[in-house]
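Each remark here refers to the structure printed beneath this line.
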Amino acid sequence: DAIVCGCGPGSFTGVRIAAATAKGLVHARGIPLYAYSSLLATARAAATADGTVCALFDARRGEAFGGCWRFEGGASETLLPPMADDVVSIVERLRAHDPLFVGNGAERNRARIEELGGRVAHDPVGGCAGALVRIHALNEDATPVNAAHWQPDYVRAPHVTVPRDMRGGGRP
């Protein structure tokens, strides 16, 4: 009936492949496309009961993609919309909410988060496809995206470097 897709952030290549696949499927089948934050899907997958969950993905360059939600029943409240920042800033910004930190960015920065008084999930979050479907099912006001013009939410511009052998003059 529809395609539900994580819209990022995440690895640029992974997000682009997911978006292109979803757009191709909706075009071929003539069905609507719904897109939700990949961070929200990870947080929802980890939320076993009511509570606050902050999903962190490793964004490289010393940063993490982060987003935080408070879950109560089927509802979610956004406490920190998806963004990129250093982990310390994210943890300090959310201190008053005492979230459970999940995702590969949380695991990679476990020691630092715990040093700052944060809680990191002990079990890695499994696949988030089911969480995307649940988010969509709970969203009574869901509006499909315009698949022809929709772009994923990368949160920040890519960091591209010129290969060494192309920086000038080529090889001697």
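Numbers at a glance
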| quantity | calculated |
| --- | --- |
| Cα-centre dipole for the chain with unit charges at Cβ (Lys and Arg positive, Asp and Glu negative), debye to 20 | 820 debye |
| Zone of Arg108's modelled label, taken as backbone nitrogen in the stretch 52-93 under 12 Å from a point 7 Å along Cα→Cβ | 56-66, 85-87 |
| Among Trp69, Gly105, Leu94 the positive-end extreme of the charge dipole of the stretch 62-146 (Cβ point charges) | Gly105 |
| Accessible solvent surface per residue of the chain, calculated while the other protein chains remain in place, 1.4 angstrom probe, Å² | 58 Å² |
| Dimensionless Rg/Rh of the stretch 73-114 - Kirkwood Rh, Rg from C-alpha atoms | 0.97 |
| Rounded, prolate or oblate (a/c below 1.5 giving rounded, otherwise prolate when a/b exceeds b/c) for the stretch 102-147 by Cα gyration tensor | prolate |
| Segment Asp98-Ile31, length gained on full extension (0.36 nm per residue, minus Cα span) | 20.1 nm |
| Whole-percent carbon and sulfur share, accessible surface of the stretch 97-137, 1.4 Å | 53 percent |
| Listed candidates (i) 188; (ii) 95; (iii) 146 - label of the one calculated as volume of the Cα convex hull per residue in Å³ | (iii) |
| Local electrostatic count at Gly66 - Lys and Arg +1, Asp and Glu -1, tallied over other residues with Cβ under 11 Å | -3 |
| Calculated on alpha-carbon atoms, Rg and Dmax of the stretch 25-90 in Å | 14.4, 44 |
| Local electrostatic count, Arg93, Cβ distance below 13 Å [Lys/Arg +1, Asp/Glu -1] | -3 |
| Proximal charge balance of Gly117 [Cβ under 14 Å; K/R count +1, D/E count -1] | +1 |
| Solvent-accessible surface (1.4 angstrom probe) belonging to Ser38, in square angstrom, nearest 10 | 30 Å² |
| Distance (nanometres) between label positions extended 7 Å along Cα→Cβ at Asn139 and Ala49 | 2.8 nm |
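The values are calculated or read from the model by the stated rules, or taken from the named source; none is laboratory data. The structure presented is a predicted model; accordingly, all values stated were derived computationally and were not measured. Here Cβ is always computed from backbone atoms with ideal geometry, including for glycine, and neighbour counts include all displayed protein chains. Note: areas computed on protein heavy atoms with side chains; ligands, DNA, RNA excluded. Shrake-Rupley method; radii C 1.70, N 1.55, O 1.52, S 1.80 Å.
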